[in-house]
Amino acid sequence: MTAITLPTSPIEPLNQIIAVLQQLRHRLPFADEELAHHAHLQAMLVEQQKQSAAALAAWRSALAARWECEVRAQRLYTRVRRQVLALPDAEKAYMPLFESEVGSGTLTAQDLLHSLRRLTAVLSIIQPPPPFAEQALTDLKAIASELQAAIIHTDRCDEERRRMQAEQRLLLELCHRAYQRTRHRIAEHLSE
């Protein structure tokens, strides 16, 4: 999912064909042209691998930060929800507002964000406001904002990681085709 696995390093075939071209340079009229092409592909592949590794590391870091935020958000949500439901007559008055969440199992980050916002709305309409309402509203708004930013950042990093994977697949295919084409040219020339 996060990395392309190959039986050997993708740079190995390029190194091999470059070594062959250098050995046969005096016998192949196209050796310099092919060497330049493969050296360029090799440089592109090395750079792309660095960019891909950086994108993967950024995505993993963003994901870890988002998970930490989700844990804090879930804890706050659970605590404030319990406080709301502990209010007199809360079971009748407020439980229907939470029914869609009951039994939903594991929440996604987006689900949790919606739940935080719903809880914020419920807490803001309670009259008279309970003693914990002001601080809870401040905390809920802050964690919802933090979670939303973490979701956006993680999504952007994932998009960049996927883009790098797609580029890597294309470049690897290009390298493979160039390798095969050059091998074919060498074989044809040597058989003449």
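The values are calculated or read from the model by the stated rules, or taken from the named source; none is laboratory data. Since the model is a prediction, treat every value here as computed from it, not as a measurement. Here the Cβ positions follow ideal geometry from the backbone for every residue, glycine too, while neighbour counts run over all protein chains shown. Just so you know, the surface numbers come from the protein's heavy atoms only, side chains and all, with ligands and any DNA or RNA stripped out. Shrake-Rupley method; radii C 1.70, N 1.55, O 1.52, S 1.80 Å.
Before moving on, here are some points about what is shown:
- Taking region 127-141 as the range and being touching a helix residue (DSSP H, G or I) at 6+ places or on another chain (Cβ under 9 Å) and open to solvent by less than 90 Å² (accessible area, probe 1.4 Å) as the test, the residues that pass are Pro129, Pro130, Phe132, Ala133, Ala136, Leu137, Asp139, Leu140.
- Scanning region 61-84 for residues that are surrounded by 14 or more Cβ atoms within 10 Å (Cβ to Cβ), farther than 14 Å from Leu107 by Cα and free of Cβ contacts under 8 Å to residues at least 40 places away in the same chain turns up just one, Arg81.
- Of residues in region 143-192 being open to solvent by 90 Å² or more (accessible area, probe 1.4 Å) and within 15 Å of Glu34 (Cα to Cα), the one nearest to the chain's Cα centre (by Cα): His176
- Checking each residue in region 14-60 for being among the polar types (S, T, N, Q) and within 30 Å of Glu160 (Cβ to Cβ) picks out Asn15, Gln42, Gln48, Gln49, Gln51, Ser52.
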